[in-house]
Each structure stands twice: as C-alpha cells, then as structure tokens.
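Written out below as structure tokens is the structure these notes cover.
The values are calculated or read from the model by the stated rules, or taken from the named source; none is laboratory data. A quick note: this is a predicted structure, and the numbers were derived from the prediction, not measured. Quick reminder, even Gly has a Cβ in these numbers, built from the backbone with ideal geometry, and neighbours come from all protein chains shown. Areas reflect the complete protein model, heavy atoms only, side chains present, ligands, DNA and RNA absent. Shrake-Rupley method; radii C 1.70, N 1.55, O 1.52, S 1.80 Å.
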Amino acid sequence: MNEIKLLIDGMKEELKEIRRYFHSHPELSNQETGTSDQICRYLDQWGVEYERGIAGTGIVAVVRGEKPGKTVGIRADMDALPIEEANDVPYRSQTPGVMHACGHDAHITVLLGAAKVFSSIREELSGNVKFFFQPAEETTGGAQRMIEAGCLENPHVDYVLGLHVSSRYEAGSVGIRYGNMMAASDEFAIVLNGKSCHGAHPDLGNDVMVAAGAVLAGLQTLVSRNLSPVNPAVCTVGKIQGGTAGNIICDRLRMDGILRSLDPETRQFLRDRLTAMAENTAKAYGSTAEVIFHSSYPALINDDRIVDAVKETACQVLGSDHVTAEREPDLGTEDFSYFAQERPACFWHLGCADFSEGIDADLHNCRFDIDEDCLAVGVEIQVRAALRLMEEE
C-alpha cells in the first residue's frame, strides 16, 4: 500500500496533464474517436493490453496478475455535452459548443491512472483488473452495448466499480450510498384523439384540450396519492402540443413527459397506473388516449458488500470525517446501472469542488470545473478498493 501511495503521489502532475488534454478536446456521444485514440496512446506507453471498437468507440483494457484471484472491472464514461464552455482557463474546450461539463474527462483520467498503477504492480497481483472506457453515457448509453459485446467475460468479471465527480463535496471528500443510488427513467408520450369542429359549436366536436387538462391534473396525483411518501418518484409533463387556431376545437394533442423511479416494481406500477389514468380519463371526456413509453436506463442499485469495501477503503485513505453516507438517492440517471444489474457493484461520488476558490458549479453547467487534487484521490480509492475485492475469498 505504501508503494501504491508513492506511485500515485508521483503521478499527480501527470494526472493533471491528462485531464487537461481531454478537457480541451471534448467529443459528443458516439463520436469519441479522438478520445479513444489518446487513451490507447497512454495504454501503449504503459504496456497495458486492450481491445478497441467495443460498442463503437469503447475500449476494454486488462492487466492480468501473475497469480490467480478475482477479476474487478472499473468503468469510466468518455463523452462530453453540447455546451459552450464559459470558463476562461488555459485548458478550456477547443471545440465550439462542446464541453466536458459532466466531468467525464476526470473519470477517464482516474481510470487511466488506475491502469498505470496496476500495470506497475502486475507481478504482485492475485487476479485481474479490467478497465472499461465507455461511450455515450449522456445519450444512447454505451454500458449495455459493451456488456452485450462481452466486456464482462474473458476473463470473467466478479465485481465492478464506478464513480462520478460531485461538486457537492470538496476534493478530499467522497459520498457513499448503500442500495438505491440513482433512478430509472421512462420517457412517455400521451396522444389524445377527439373530434374537431368550429369553436362556436363545441357540441358538434370532442375537445381534447379539455381532456388534456383533466389528464394533466390527474397525473399530479400519480406519485402523491399512489406511492408511499417514503418511496420517492417523479412524474413530469414538460411539453404539450395541439391545436391549430384559437377558434377551432382541437381534435389531436400530444403530451410528452418523463417518469423517474428507484426500483423495478415501482417503475412498472407507475407505467401501468399512468396508462390507466390517461386512457380512462380520456374516455370519460369522450376521447381516446394512446400512451407510448421509451425506456431509458434502469435504476442503479449498489451492492451492500461492495459498498462496504469502498467505504472502508475511503475511510482509510481520507479519514472517516471525509466520507459521507448519503441518506437520499439521486433521481438522475446513470447507465452504470447496467453493470450493477450484471455484477455486484458500487458507484460512488468523488468530491471535486473547492468552495474557497469558487470551483463549485453544478454538473451540466457551462462553468463546471474541478479541483484537480481530486484526481489522485479517485485513483487511490479505486485501486485500493479493487485490490481489497481481488483478495476476497
């Protein structure tokens, strides 16, 4: 462990340089070719074997230990966001309208740092470590496609670790949560059909505007009167389109929204209940409703035993005063959830803020930045936690 600490301390400036390169050269989802090229250059330099072109631009690398043991996978996402950076820093984005505003540049850097450490100590390893550089977390999702391509096999992965930087915590602090970590999401559309007529003769038509109002009001009770108050979920209608003129009864209207939930049972219940409410309310107003769902990522549920390993490691590295047990889940989504469905896993928050220096902008903000001291912290916790898991019986 002392050797690992010395290795990581000696990498701090290199980690900053790596992160600044990726921050300056962001690429959108499924377009991360330059990012992949640069990752491979580092892996070649350190003698780490890899396969690229997984799920498009993804990379799977592996360090094989000299002795038998468990295999631990560690994941980082690679894509940036369509945001114009507002930070006036030497390493600001050089790509107009694209920015690493979600910290994936830091995630890549931490994973590369871990790969370099493990490549340096491979003769002492009992087991293997795999490194998943994943595309498209922000849009279509790359995790499921990488799993379908076989990233969890050859060698078979026993556990998976992942992290996300968080401006809620300063660099040198982390957040850990047991169980439900992040939500599942389901985009939905409700299409109402009625009968058009002149606005002066509403009795000759069937006005779906009125039906839509009733549906919208009813959906406000979907969570508040159908779920336990301690089972958080969200139903949002963010867009309504319908009608052609103010004096014409509307015969077709579309409402678009999203559901967020924290477990598979609640997720299915909300879908079923929303469908029934929309169809029956529309029927009561003489209209019909068609409900269309587009499922996004499932809920991210951490494994308690793997969380224990990460938490104990973080306490050893940082001290227990710098490890926060998060009481509430996040109703955002994260496609690391696919890894957590397949293997016991832990996803955790790496503090990246420096409140005294004003480095505290939220994710997906044009002024998002990190205190780069967090990079070495992320490397050390991921490496030590992986070693702990590799040695388990």
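Carbon and sulfur together cover what percent of the accessible area of region 238-304 at a 1.4 Å probe radius?
The C+S portion of the solvent-accessible surface of region 238-304 is 47 percent.
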Under a 1.4 Å probe, counting only protein heavy atoms, residue 210 has an accessible area in Å², nearest 10, of 80
Partner lysines whose C-alpha sits under 24 Å from that of residue 5, ignoring same-chain residues fewer than 8 away, are 16, 67, 70, 116, 130, 311
Partner aspartates and glutamates whose C-alpha sits under 12 Å from that of residue 195, ignoring same-chain residues fewer than 8 away, are 203, 207, 251
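Could you give the C-alpha radius of gyration of region 1-88 expressed as a fraction of 2.2 N^0.38 Å, taking N as the number of residues it contains?
For region 1-88, the normalised Cα radius of gyration is 1.28.
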Once all protein chains are kept in place, residue 181 shows an accessible area at probe 1.4 Å, nearest 10 Å², of 0
At q = 0.14, 0.17, 0.20, 0.26 1/Å the base-10 log of I(q)/I(0) from the Debye formula over the alpha-carbon atoms of region 165-245 is -0.72, -0.88, -1.03, -1.29
For the chain, the longest principal axis of the Cα atoms and the Cα long axis of helix 208-224 enclose an angle in degrees, to the nearest 10, of 40
Of the candidate values [x] 76, 48, 46; [y] 68, 54, 44; [z] 83, 47, 41, the one computed for Cα extents along the principal axes in Å from this structure is [z]
By accessible area (1.4 Å), largest first, 79, 362 order as 362, 79
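Could you rank the peptides 232-243, 295-306 by their average count of other C-beta atoms within 10 Å per residue, with the highest value first?
Packing proxy ranking, top to bottom: 295-306, 232-243.
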Relative to the chain, whose Cα atoms define the longest principal axis, helix 12-24 and its Cα axis are tilted in degrees, nearest 10, by 30
If one compares the long axis through the Cα atoms of helix 104-120 with the longest principal axis of the Cα atoms of the chain, the angle in degrees, nearest 10, works out at 30
For residue 164 the rounded accessible area (nearest 10 Å², probe 1.4 Å, non-protein molecules ignored) is 20
Computed about the Cα centre, the charge dipole of the chain from +1 Lys/Arg and -1 Asp/Glu charges at the Cβ has a magnitude in debye, to the nearest 20, of 1000
Taking the chain and counting helices only, DSSP H stretches of n ≥ 4 at -39,500 (n - 2.57) each over all residues, the nearest-500 ellipticity at 222 nm comes to -11000 deg cm²/dmol
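Using the Cβ atoms and a cut-off under 10 Å, what net charge is assigned to the surroundings of residue 293, where Lys and Arg are +1 and Asp and Glu are -1?
Result for the neighbourhood of residue 293: -1.
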Placing each pseudo-label 7 Å from Cα in the direction of the beta carbon, residue 315 and residue 5 end up separated by a distance in nanometres of 1.8
Over the chain, with neighbouring protein chains present, the accessible area per residue in Å² at probe 1.4 Å is 43
Per the C-alpha gyration tensor (a ≥ b ≥ c, the square roots of its eigenvalues), region 1-158 is rounded if a/c is under 1.5, else prolate if a/b beats b/c, else oblate; here it's oblate
Of all C-alpha pairs within region 94-211, those more than 22 angstrom apart amount in percent to 61
